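The values are calculated or read from the model by the stated rules, or taken from the named source; none is laboratory data. All values reported here derive from a predicted model rather than from experimental measurement. With ideal geometry, Cβ positions are generated from the backbone for all residues, glycine too; neighbour counts draw on all protein chains shown.
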Amino acid sequence: MTLFYILLLVLALLISGFGWSNKLKRLNAPFSWFFIYVTSILIGFRSRYSGVDTTAYYEYFNNVYHRIEPKFTFEPGFTFLTNIFTEISNVEIYIFFLSSSQLIFLYLSSKTLKIDNKLLSLVLFLSFVPGFDLITNGLRGGVALSLGLILLVATVINHNRLAILNFSPALIHASYMIIAFISLFTKFFSSQKMNKFIFICSLIFFALWLVVSPLSFMGVFQGTSREVNSVGRLIRYLIIEKELMSLTVKLYFMLLSIFLSSIYFFALKFNEKAKDDNILTRMAFITLSVQFVYALFSFSEYSYRFMFLAFPLQVLMFSYILDKYFSGTIRSLIVFSVCLLGIISTYSTKTFSSFILLDL
């Protein structure tokens, strides 16, 4: 089934790469739903031993179902969602929903943004490690981020209002508070100059933490890190001696994040219409601000979690820009080269080879 999944993803890439042609435009929406359906079945009904956290979600559901005190304490929104599924369904459907809902929310976000080639967003999301990880391991975060996309597009990005509504996905995963907080400032601070400034600051911090080890100034925070409070826990979380990621993996996440954001500046340089696009300006402000948070904490072994916060937004912005401001052969070449490289780098790893899809 893993081979079938990869072939399906490659087929979706071919259709999305030529998705702006008159012949394939009609296929885009129906094939997108077909792709969501089949992918959701393959990944949603995977073996409980596929992925780092799948077993934990199985155990959490079963604990809630049997009224046993769970080992994990999750946000109230996610707990409420789990309680609903224990009443109306089983654990397999529960996992299927947590995976499939992310793709559905991403598609609906693309539609709300009036992206013609909505299939591209789905393919781009699944072509890289962060997207595949969100629908297999980081299920809570993935659901919160994808649901948050719809709210962001419908409120701040499209209409620049009702930003307060963007705090609701934090009931599913608390990390979404970062994006919700940033959305409050979009109305007053989003501009091309500000976006450029934020991006440059991100590049500076990325470069800084590549040459400076956080352990070198651990002594400054040694006293604070031992305190039993939120600040102490945050320092212990961010600065650890154990290596969770190799330098290669850190560079992968960093360069991917920079690349996905940089297309915004290419659009501004080569297409004058992009400069007058207020929707794009606001979307870029939120995306680049979240990326800045990632850059600020890129020294941490857990920095990839901040990168994952920005990734769905970057995918949506990347798809929007290609859809609106690129055309012809250049656009197709960008889609094919970017997604194909992503697929090769993601699905040639030992992690994916250990997955057992559609294990019923």
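Would you mind stating whether Leu322 is in contact with a Lys or Arg (Cβ under 7 Å, 6 or more places away or on another chain), closer than 25 Å to Ile6 by Cα and surrounded by 23 or more Cβ atoms within 10 Å (Cβ to Cβ)? Talk me through it step by step, then tell me what you get.
Values: in contact with a Lys or Arg (Cβ under 7 Å, 6 or more places away or on another chain): yes; closer than 25 Å to Ile6 by Cα: yes; surrounded by 23 or more Cβ atoms within 10 Å (Cβ to Cβ): yes.
Criteria met by Leu322.
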- Message: Suppose we keep only residues that are touching a Ser or Thr at 6+ places or on another chain (Cβ under 9 Å), assigned to a helix (DSSP H, G or I) and among the small types (Gly, Ala, Ser) within the range 33-64. Which one would you say is nearest to Ile84 (Cα to Cα)?
- Response: Gly44
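Does Phe78 satisfy the condition of being outside any helix (DSSP H, G or I) and either within 25 Å of Gly148 (Cα to Cα) or free of Cβ contacts under 8 Å to residues at least 40 places away in the same chain (or both)?
On the way: outside any helix (DSSP H, G or I): no; either within 25 Å of Gly148 (Cα to Cα) or free of Cβ contacts under 8 Å to residues at least 40 places away in the same chain (or both): yes.
Here the answer is no, as Phe78 does not meet what is asked.
Name the helices (runs of 4 or more DSSP H) wholly within the range 246-296 that hold at least 3 residues that are in contact with a helix residue (DSSP H, G or I) (Cβ under 6 Å, 6 or more places away or on another chain) and under 21 Å from Leu152 (Cα atoms)? Steps first, answer last, please.
Details: elements: 247-270, 272-275, 278-296.
Answer list for the range 246-296: 247-270, 278-296.
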- Message: Tell me whether the range 129-142 contains one or more residues that are of a type in the set (Gly, Ala, Ser), over 30 Å from Val249 (Cα atoms), touching a helix residue (DSSP H, G or I) at 6+ places or on another chain (Cβ under 8 Å) and modelled with pLDDT under 95.
- Response: no
- The residue from Ser146, Ser175 that alone is part of a helix (DSSP H, G or I), modelled with pLDDT of 95 or more and either in contact with a helix residue (DSSP H, G or I) (Cβ under 9 Å, 6 or more places away or on another chain) or among the aromatic types (Phe, Trp, Tyr) (or both) is Ser146
- Message: Quick check on the range 40-52. Is at least one of its residues under 22 Å from the mean Cα position of the chain (by Cα), among the basic types (Lys, Arg) and under 22 Å from Ser89 (Cβ atoms)?
- Response: yes
- Task: Using the structure shown, decide if Glu301 is without any contact (Cβ under 8 Å) to a residue 60 or more places away in the chain and charged (D, E, K, R).
- Result: no
- The number of residues in the range 5-47 that are basic (Lys, Arg) and without any contact (Cβ under 8 Å) to a residue 24 or more places away in the chain is 2
- Filtered residues of the range 151-203 (kept if under 21 Å from the mean Cα position of the chain (by Cα), under 24 Å from Ile263 (Cα atoms) and among the polar types (S, T, N, Q)): Thr155, Asn158, Ser183, Thr186, Asn195, Ser202
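Within the range 11-60, which residues are β-branched (Val, Ile, Thr) and crowded, with 16+ Cβ neighbours inside 10 Å? Even if it seems obvious, please write down each step before you answer.
Going residue by residue through the range 11-60, those that are β-branched (Val, Ile, Thr) are 15, 36, 38-39, 41, 43, 52, 54-55.
Across the range 11-60, the qualifying residues are Ile15, Ile36, Thr39, Ile41, Ile43, Thr54.
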- Odd one out for Phe18, checked against (1) farther than 30 Å from Ser354 by Cα; (2) out of contact with any helix residue (DSSP H, G or I) (no Cβ under 6 Å at 6 or more places or on another chain): (2)
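Give the residue, chosen from Leu147, Leu124, Leu98, Leu120, that is in contact with a Phe, Trp or Tyr (Cβ under 8 Å, 6 or more places away or on another chain) and in contact (Cβ under 8 Å) with a residue 60 or more places away in the chain.
Only one candidate qualifies: Leu124.
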- Message: If Pro312 meets every condition in (1) within 26 Å of Thr2 (Cα to Cα); (2) free of Cβ contacts under 8 Å to residues at least 40 places away in the same chain apart from one, which number is that one?
- Response: (2)
- Query: Is there a residue in the range 87-98 that is in contact with a Ser or Thr (Cβ under 7 Å, 6 or more places away or on another chain), over 25 Å from Phe167 (Cα atoms) and hydroxyl-bearing (Ser, Thr, Tyr)?
  - Reply: no
- Task: Among what's in the range 108-121 and is of a type outside the set (D, E, K, R), in contact with a Ser or Thr (Cβ under 6 Å, 6 or more places away or on another chain) and part of a helix (DSSP H, G or I), pick the residue that is surrounded by the fewest Cβ atoms within 10 Å (Cβ to Cβ).
- Result: Ser110
